[in-house]
1. Restricting to segment B:42-70, count the residues that are surrounded by fewer than 22 Cβ atoms within 10 Å (Cβ to Cβ) and within 15 Å of residue A:21 (Cβ to Cβ).
2. Report, by residue number, each residue of segment A:86-104 that is within 12 Å of residue A:119 (Cα to Cα) and either outside any strand (DSSP E or B) or out of contact with any strand residue (DSSP E or B) (no Cβ under 7 Å at 6 or more places or on another chain) (or both).
3. Say we look at segment A:8-39 and pick out the residues that are surrounded by fewer than 11 Cβ atoms within 10 Å (Cβ to Cβ) and within 8 Å of another protein chain (Cβ to nearest Cβ); which of these is modelled with the lowest pLDDT?
4. Here are B:163, B:146: which of them is part of a helix (DSSP H, G or I) and exposed (fewer than 12 other Cβ atoms within 10 Å of the Cβ)?
5. Are any residues in segment A:63-77 touching a strand residue (DSSP E or B) at 6+ places or on another chain (Cβ under 8 Å) and farther than 27 Å from residue A:95 by Cβ, and if so, which ones?
6. Scan segment B:42-86 for residues that are more than 8 Å from chain A (Cβ to nearest Cβ), modelled with pLDDT under 90 and not in a helix (DSSP H, G or I) and report the count.
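The values are calculated or read from the model by the stated rules, or taken from the named source; none is laboratory data. Just so it is clear, the model here is predicted, and its values are computed rather than measured. Note: ideal-geometry Cβ built from the backbone for every residue, glycine included; neighbour counts use all protein chains shown.
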């Protein structure tokens, strides 16, 4: 490539810089040249790659002793109230994809060594639902018979308040 | 460089293919820059969402890039300083492709911000198709730079005039 092409490109870019700064300086909605405050960016959601099967809150799997119950809500929500025997595994929406996958694999290994036949996950029942995401991730980690409770903790309470269900 | 390579580069048909590629790519860049020029704040947010540039560089990039797109697009269509414009577009496409690869690697669920802010539309989400599209545009810019050495446009008029003199 000729040197003149590089030179012309540099001149065009320099002109663009001058125009950009000048126009930004005179326009009423101009922005600071150097950003100082952090942007309120959209948080990337981790992707669930496995199949998440839903069950009703009244499923007998919840009271089945061969089921492992996972509470995907925050530790504070778990501390307030949870299903008897439920294990707290809060889903971190802010975690990086690799971090979440690693954690899902760790939990999957624990589940595999627990001798349980089913895994029932419940989250906050929101949209997106942390329980559904955990179920999908565990399924993607090779765990079979993973289900999540439709409507999450709130639906569990509605279905059967007597089981000591969620908050 | 071999003789056959020169014959290939000097093929007269390149100017017509190059002309079509220039009009197409120039139009793409003009369409891409208008929203960024009008709303630098939302374009800055798009850039920040990629999480690739340091915070201090985000606004500067958001302010300058659309102007380079505008200048390069106009010059490409007009056929003036065509090679330099193609060179700039090649560099911009390279940076866009790197940003896209980074976003796809992170699994970012976002619009690419190529034509309008993600705050304005959800119809342009990043995907491997976006990457394919950018690679195509990168290829077009490379074609213009390498093969459209006598472009139809102002450059050609200037060259003819200088030859007459």
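1. Going through segment B:42-70 one residue at a time, the tally reaches 5.
2. Result: A:86, single match.
3. So, considering only residues that are surrounded by fewer than 11 Cβ atoms within 10 Å (Cβ to Cβ) and within 8 Å of another protein chain (Cβ to nearest Cβ), the one modelled with the lowest pLDDT is A:38.
4. Being part of a helix (DSSP H, G or I) and exposed (fewer than 12 other Cβ atoms within 10 Å of the Cβ) holds for just one of B:163, B:146, which is B:163.
5. A:64, A:66
6. Within segment B:42-86, residues that are more than 8 Å from chain A (Cβ to nearest Cβ), modelled with pLDDT under 90 and not in a helix (DSSP H, G or I) number 3.
Okay, residues lined up against (1) over 18 Å from residue A:62 (Cα atoms); (2) in contact with a helix residue (DSSP H, G or I) (Cβ under 8 Å, 6 or more places away or on another chain):
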| site | (1), (2) |
| --- | --- |
| A:101 | yes, yes |
| A:107 | yes, yes |
| A:111 | no, yes |
| A:114 | no, no |
| A:120 | no, yes |
| A:126 | yes, yes |
| A:133 | yes, no |
| A:138 | no, yes |
| A:143 | no, yes |
